[in-house]
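Structure record follows, encoded as structure tokens.
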Amino acid sequence: MSSAPLLLQNCRLIDQPGDAPLVSIAMETGRITAIGPDLAADGHEVIDAAGNLVSPPFVESHIHLDSVLTAGEPRWNQSGTLFEGIDIWRDRKQDLSLEDVKQRAIAALKLQAQQGVLYVRSHADVSEASLTALKGLLEVREAVQDWITLQVVAFPQDGVYGSPKNLDLMEEAMKLGADVVGGIPHYELTREDGVRSIEKIFELADRYDRLIDIHCDEIDDEQSRFVEVVAAWAIRTGMGGRVTASHTTAMGSYNNAYAYKLMGFLGRSQINFIANPLINITLQGRADTYPKRRGITRVKELWQQGLNVSLGHDCIQDPWYSLGTGNMLDVASMAVHACHMTGLDEIDACYDMVTTHGARTLHLADYGLAPNLPANLIVLDADSRYEAIRRRSVVRQVISRGQPISDTEPAQSRWLI
């Protein structure tokens, strides 16, 4: 995707104080060439940011693109539970084709890109012998590479040891080019299988030089404690920054005596965490009467401990969640509310969880707003992180690799009496 030189003028940089002067950002050959107050427009196409907030793009840390846009197929999830969703998906995925996966995934990526998402990590179910979901998303990764960066996780939805074939399928997924090794230890047939699966995940990641992202303790059971096993392996192998524990919703049910001990281990491990507040506040707590658990990991406490926490959608209109628009500000807003992150610094942190923290989770080396970095950025109809989340501000411009790919005008209202 080639692009003419571009100059974005009158930018309010997200990391600058509110009273800092507006600047311009010059871009050429897909990279940022300069940032400053008085950049010449000679030979550049000019876009006026009009004093609006300019930010690095949103990062979608956790989504399942193989299942997006399938809500109601073959039936609706009437109980709203994780496990009915798994049963429905088990039926739906029997009809998967490469074109089915690719068409829906690209449609979802376009929906997200128009709302400022330019980096995505998607899980692909590798529990079927055909590996159709994985192969489809690997083709999508290549098809969209000019305008969005997609990481693909080999995710054994039925468990690494849930079927005799699944371990071989995980190995084949690595050979085909999956970027990340996934897992789901709490859904293995026994606790022992769950522990064994984590050992195998680390072994595969080491052998193929891949990142790790494990669906971990996504259940309300306070005895589901696989995150401690993940942390132990991260400490022993020194792989902490390359390792992610997704969901960890059981942490919300742990007693504090155990949770505080665990926090020390997690700090030593330096693993990443991904919370999916839209989905888990919906799926979890279904077996409770009152009081009902929030079903979300201890986002605030993990953040306060200095651990890297990012946020994801998990689902957009699929068997687990029939709603969703792809807007990362919806995700951040739900975290603000459900995780009691309402202090100003906490609200800013929730914005960072869908930008810079997500970039760290995905292990991105070239993310941000600085000369020589890729010219990937967004212009929001806001003047601060707080306003962006409060108003779910429209992403007015999306620039990918130095080229504008989306332009959205905020809705206009008129008072008529």
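Within the range 316-353, the residues that satisfy the criterion of being assigned to a loop (DSSP other than H, G, I, E, B), more than 18 Å from LEU283 (Cβ to Cβ) and not hydroxyl-bearing (Ser, Thr, Tyr) are GLY326, ASN327, HIS340, MET341, GLY343, MET353. Pairs are defined by a Cβ separation below 9 Å, a sequence spacing of at least 6 or placement on different chains, a first member in the range 201-218 that is under 17 Å from ALA275 (Cβ atoms) and not assigned by TED's automatic domain parsing to the domain that holds ASP314, and a second member that is modelled with pLDDT under 95 and surrounded by 22 or more Cβ atoms within 10 Å (Cβ to Cβ); no pair meets this definition.
Please go through the range 40-60 and pick out each residue that is in a loop (DSSP other than H, G, I, E, B) and modelled with pLDDT of 95 or more. Listed by number, the residues that qualify are ALA49, ALA50, GLY51, ASN52, PRO56, PRO57. Of the residues making up the range 3-18, just one is in contact with a Lys or Arg (Cβ under 9 Å, 6 or more places away or on another chain) and farther than 18 Å from ARG385 by Cα, namely SER3.
State whether one or more residues within the range 102-116 are touching a residue at least 40 places away in the same chain (Cβ under 8 Å), under 30 Å from GLU203 (Cβ atoms) and not hydrophobic (A, V, I, L, M, F, W, C). Before you say what the answer is, go through the steps one by one.
As a first pass, look at the range 102-116 and keep what is touching a residue at least 40 places away in the same chain (Cβ under 8 Å): 102, 105, 108-109, 111-116.
If we keep only those that are under 30 Å from GLU203 (Cβ atoms) as well, we get 105.
Now narrow it down to the ones that are not hydrophobic (A, V, I, L, M, F, W, C): none.
No - not one qualifying residue is present in the range 102-116.
Comparison of ALA349, ALA338, ALA388 shows that the only residue that is surrounded by fewer than 21 Cβ atoms within 10 Å (Cβ to Cβ) and either touching a Pro at 6+ places or on another chain (Cβ under 8 Å) or within 30 Å of HIS215 (Cβ to Cβ) (or both) is ALA338.
Given the options LEU138, LEU134, name the one that is assigned to a helix (DSSP H, G or I), touching a helix residue (DSSP H, G or I) at 6+ places or on another chain (Cβ under 6 Å) and within 23 Å of HIS215 (Cα to Cα).
Working: LEU138 fails: touching a helix residue (DSSP H, G or I) at 6+ places or on another chain (Cβ under 6 Å).
None of the other options fit; the residue is LEU134.
Considering (1) in contact (Cβ under 8 Å) with a residue 60 or more places away in the chain; (2) in the same structural domain as PRO156 (by TED's automatic domain parsing), say which one ASP91 fails and leave the rest. Unmet condition: (1).
Out of all the residues in the range 162-169, is one or more in the same structural domain as ALA124 (by TED's automatic domain parsing), crowded, with 24+ Cβ neighbours inside 10 Å, in a loop (DSSP other than H, G, I, E, B) and in contact (Cβ under 8 Å) with a residue 12 or more places away in the chain? Write out each step before concluding.
Going residue by residue through the range 162-169, those that are in the same structural domain as ALA124 (by TED's automatic domain parsing) are 162-169.
Subsequent filtering for residues that are crowded, with 24+ Cβ neighbours inside 10 Å retains none.
Scanning the range 162-169, I find no residue that is in the same structural domain as ALA124 (by TED's automatic domain parsing), crowded, with 24+ Cβ neighbours inside 10 Å, in a loop (DSSP other than H, G, I, E, B) and in contact (Cβ under 8 Å) with a residue 12 or more places away in the chain, so the answer is no.
If I ask for residues that are in contact with a strand residue (DSSP E or B) (Cβ under 9 Å, 6 or more places away or on another chain) and not acidic (Asp, Glu), which ones from the range 379-395 would you list? Of everything in the range 379-395, those that are in contact with a strand residue (DSSP E or B) (Cβ under 9 Å, 6 or more places away or on another chain) and not acidic (Asp, Glu) turn out to be VAL379, LEU380, ALA382, SER384, ARG385, ALA388, SER393, VAL394, VAL395.
Does any residue of the range 288-296 turn out to be surrounded by 22 or more Cβ atoms within 10 Å (Cβ to Cβ) and modelled with pLDDT of 95 or more? Explain how you work it out, then say what you get.
At the first step, the residues of the range 288-296 found to be surrounded by 22 or more Cβ atoms within 10 Å (Cβ to Cβ) are 295-296.
From the residues that got through so far, the ones that are modelled with pLDDT of 95 or more too are 296.
The answer is yes; a qualifying residue exists.
Contact annotation: residue pairs with Cβ atoms under 9 Å, 6 or more positions apart or on different chains, pairing a residue in the range 237-258 that is in the same structural domain as SER310 (by TED's automatic domain parsing) with a partner that is assigned to a helix (DSSP H, G or I) and of a type in the set (Lys, Arg), are GLY240/ARG268; GLY241/ARG360. Looking across the range 136-161 at every residue that is closer than 22 Å to SER400 by Cβ and polar (S, T, N, Q), the one that is nearest to the chain's Cα centre (by Cα) is identified as GLN151. Here is the figure for the range 188-222: residues that are of a type outside the set (Gly, Ala, Ser) and outside any loop (DSSP other than H, G, I, E, B) total 21.
Of everything in the range 309-335 that's of a type in the set (Asp, Glu) and more than 12 Å from the chain's Cα centre (by Cα), which residue is surrounded by the most Cβ atoms within 10 Å (Cβ to Cβ)? My answer is ASP318. Checking each residue in the range 19-43 for being farther than 13 Å from ASN372 by Cβ, surrounded by 16 or more Cβ atoms within 10 Å (Cβ to Cβ) and out of contact with any Lys or Arg (no Cβ under 9 Å at 6 or more places or on another chain) picks out SER24, LEU39.
Once the range 74-126 is narrowed to residues that are small (Gly, Ala, Ser) and assigned to a helix (DSSP H, G or I), the residue that is surrounded by the fewest Cβ atoms within 10 Å (Cβ to Cβ) is ALA107.
The values are calculated or read from the model by the stated rules, or taken from the named source; none is laboratory data. Keep in mind that this is a model prediction, so the values were computed, not measured. Ideal geometry is used to build each Cβ from the backbone, glycine not excepted, and the neighbour counts take in all protein chains shown.
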